1. Could you check region 98-114 and list, in sequence order, the residues that are under 21 Å from residue 293 (Cα atoms) and in a loop (DSSP other than H, G, I, E, B)?
2. What residue, among those in region 122-155 that are at pLDDT below 95 and in a loop (DSSP other than H, G, I, E, B), is surrounded by the most Cβ atoms within 10 Å (Cβ to Cβ)?
3. Going by what's in this entry, would residue 193 be described as modelled with pLDDT under 95 and surrounded by fewer than 16 Cβ atoms within 10 Å (Cβ to Cβ)?
4. Working only within region 213-229, note down all residues that are crowded, with 22+ Cβ neighbours inside 10 Å and assigned to a strand (DSSP E or B).
5. Which one of these is surrounded by fewer than 21 Cβ atoms within 10 Å (Cβ to Cβ) and modelled with pLDDT of 95 or more: 243, 247, 283, 297?
6. If I go through region 37-61 residue by residue, how many of them are assigned to a loop (DSSP other than H, G, I, E, B) and either at pLDDT 75 or above or crowded, with 17+ Cβ neighbours inside 10 Å (or both)?
7. Exactly one of these conditions fails for residue 117: (1) outside any helix (DSSP H, G or I); (2) surrounded by fewer than 20 Cβ atoms within 10 Å (Cβ to Cβ); (3) touching a helix residue (DSSP H, G or I) at 6+ places or on another chain (Cβ under 7 Å). Give me its number.
8. Given the criteria touching a strand residue (DSSP E or B) at 6+ places or on another chain (Cβ under 9 Å) and part of a strand (DSSP E or B), does residue 277 qualify?
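The values are calculated or read from the model by the stated rules, or taken from the named source; none is laboratory data. Note that the coordinates shown come from a computational prediction; the quantities given were computed from them, not determined experimentally. Glycine gets a Cβ as well: all are built from the backbone with ideal geometry, and neighbour counts include every protein chain shown.
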């Protein structure tokens, strides 16, 4: 279900182990017919709008992929019997799963901020979804990279030129320092050297608590990568967290925060970050956007037992 509660201001005025879920191509929704649900197959609209205070927040479906053998990715430190039984209890398959790739636009009224860029390609899926939502790539004034896995930086360039030519770039200093010093031959390091380093003079590097712009604050959540960041939005008394890859699955990663995930560089550190951040979100009833949550990727966290439960947003951000 898509919640379209308000057009963005712009539209209103104008009328591999390093790559999560590698090995299968992402499917990108590109046609208006698909977006309207008129195609022969099942489809989602590629964008969804929300209101957080005075901010207009738009999640973008940049792609999705089906993958097999989920326990090679999630719950690596538990038995197959435990993994299979828990999956069955939660009505999800234990032999396949679906991943989503969800960049987010935040229109603050003075800045148009894009968080992450998707997988890339000749026409990155983020561009298709962005244009469907009423924005042109040139409208983006700030680009935030939550971390530097390929599915977050792959859309930085298109045809050898920056996809978002007017955007200032913000990212975590620890993240950039780690990957930019990687020896040649490392997949992520090579991609950072190709995509990110050439634009270093346009990058503002942030530490924990650093400000992107008024109402958007960096919050360290290391573990998934050495400098993985989340970002808190605050406007007119309301909050929402851009959680990036704090959790890569809406059941396995929330209900079982200590289950190891293949893509987490520091598995213990990632688990500690999940417990800390999701504990805060649950206690304070703050919604979040998870990059790999089922689209439209917006939900709440409820403490449950020794873990957490993901409650998808329904109409709370439309009131």
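1. Initially, region 98-114 is screened for residues under 21 Å from residue 293 (Cα atoms), giving 98-106, 113-114.
Hits for region 98-114 are 102, 103.
2. Result: 124.
3. So residue 193 does not fit the description; no.
4. 216, 218, 229
5. Working: 243 fails: surrounded by fewer than 21 Cβ atoms within 10 Å (Cβ to Cβ); 247 fails: surrounded by fewer than 21 Cβ atoms within 10 Å (Cβ to Cβ); 297 fails: surrounded by fewer than 21 Cβ atoms within 10 Å (Cβ to Cβ).
Just one listed residue meets the conditions, 283.
6. Qualifying residue count for the region: 7.
7. Every condition holds for residue 117 apart from (2).
8. Details: touching a strand residue (DSSP E or B) at 6+ places or on another chain (Cβ under 9 Å): yes; part of a strand (DSSP E or B): no.
No, not satisfied.
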